[in-house]
Amino acid sequence: MRGFAISEQSQPAGGKRKVALVIAAHPDDPDFGVGGTAALWSQQDWDFHYLVVTNGSKGSSDRTMTLERLVPMRQEEQRAAARTLGVRSCTFLSGEDGELEYSRQTLGQIVREIRRLQPDAVFTHTPDIILRRLFRALDDEQPEHLGFINHRDHRTTGIMAVDAVYPTARDYLNFSEQIDDEGLQTHNVLELYLFGSNDPNFAVDVTETIERKIAALTQHVSQFADRGEAFFAQIKKRWRDPDDRYYERFEHVVLPG
């Protein structure tokens, strides 16, 4: 893990719980990106919350599936996954899966959740890459050119989340009705963690909670029921580092208070 800051989280001083908000595009994205960290840090006096920006309505290869069935199904799957990890709450916005646009309305909804929860840390998609490299090649079965497309919903969610963190949630004159009419307060987020980055600088050793992360992913039956145990065995193998540990990696930014 040369070149990385390795998390050694401890309980906050004075017993005060810290708050983390994970802002993700679709159901299952927060579990892939942050699930091991959420489970681990929740054991260390953090409260994690999920905010899912789209309705997940396109995420099925089942030709008999309908939007009316899939949207509530995916929400319940995400709630079940969150319970598996110890996440405190899931909030769902109504962005259309595959069609998410940067809008003032959605930005305001994200800002509202930041002001409502007052998180110390926000986790979200990296907004500035399209092709994500696999961090390393495990063996000859994992050639270096394998990667992941950080598609538009992810990028749009990431940039709106970053903009909501700074400066929008901080400034009273941005969405001032949330303060005047709803009783919320402006908020400065102290730390930002971007998952899916090609340039991570921070890693969390999630070996202790990797099985809970996988158990959370299995709750997404609409996505993975037809893939069987071999699929999860393969991704667990892909995630394993040469030191036989498991890490979630982030681009970590400490923001001015």
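Worth pointing out:
- Accessible area, probe 1.4 Å, largest first, for residues Trp46, Trp239: Trp239, Trp46
- Computed from backbone phi with θ = phi - 60° and the Karplus coefficients 6.51, -1.76 and 1.60, the 3J(HN,Hα) list for segment 250-257 is 9, 8, 9, 10, 9, 9, x, x Hz; x is used for glycine and proline.
- Shape of the chain, Cα gyration tensor, a/c cut at 1.5: oblate
- Only protein atoms count toward the accessible area here, which uses a 1.4 Å probe; on the chain, the carbon and sulfur part of that area reaches 49 percent.
- Take the chain with all the other protein chains still there, run a 1.4 Å probe, and you get 48 Å² of accessible area per residue.
- Residues with amide H under 5 Å from that of Phe123, placed H, sequence gap 5 or more: Leu21, Val22, Ile23, Tyr193
- In a fully extended conformation the segment linking Asp244 and Phe224 would gain 4.7 nm over its present Cα-Cα distance, using 0.36 nm per residue.
- Fully extending the segment from Glu211 to Gln44 would add 58.3 nm, taking 0.36 nm per residue of separation and subtracting the current Cα-Cα distance.
- Top of Leu85, Leu51, Leu117 by mean-square fluctuation, Gaussian network on the chain, Cα under 10 Å: Leu117
- For Ser89, the residues 5 or more places off, or on other chains, whose built amide H falls under 5 Å of its own are Tyr50.
- Here the Karplus relation 6.51 cos²θ - 1.76 cosθ + 1.60, evaluated at θ = phi - 60°, turns the backbone of segment 150-166 into coupling constants of 7, 6, 4, 4, 5, 5, 5, 4, x, 6, 5, 5, 5, 5, 5, 4, 8 Hz, with x for every Gly and Pro.
- The number of Lys pairs in the chain with C-alpha atoms less than 25 Å apart, excluding pairs fewer than 8 positions apart on the same chain, is 4.
- Within the listed set Ala39, Ala24, Ala215, the residue fluctuating most in the Gaussian network model of the chain (springs between alpha-carbon atoms under 10 angstrom) is Ala215.
- Difference of contour (0.36 nm per residue) and Cα-Cα distance, Thr91 to Asp199: 36.0 nm
- Karplus-derived HN-Hα couplings along segment 215-230 (A = 6.51, B = -1.76, C = 1.60, θ = phi - 60°), whole Hz, x at Gly and Pro: 4, 5, 5, 5, 5, 7, 4, 4, 9, 10, 4, 8, 9, x, 5, 4
- Shown is the FRET efficiency for Arg17 and Ser176, computed with R0 = 30 Å from the Cβ-Cβ distance and rounded to the nearest 0.05: 0.55.
- Considering only Lys236, Lys58, Lys16, the mean-square fluctuation computed in a Gaussian network model of the chain, springs between alpha carbons under 10 angstrom, is largest for Lys16.
The values are calculated or read from the model by the stated rules, or taken from the named source; none is laboratory data. All values derive from a computational prediction rather than experimental measurement. Heads up, the Cβs are rebuilt from the backbone with ideal geometry, glycines too, and the neighbour counts pull from every protein chain shown. When the accessible area is computed, the model is the full protein with side chains, heavy atoms only, and any ligands, DNA or RNA have been set aside. Shrake-Rupley method; radii C 1.70, N 1.55, O 1.52, S 1.80 Å.
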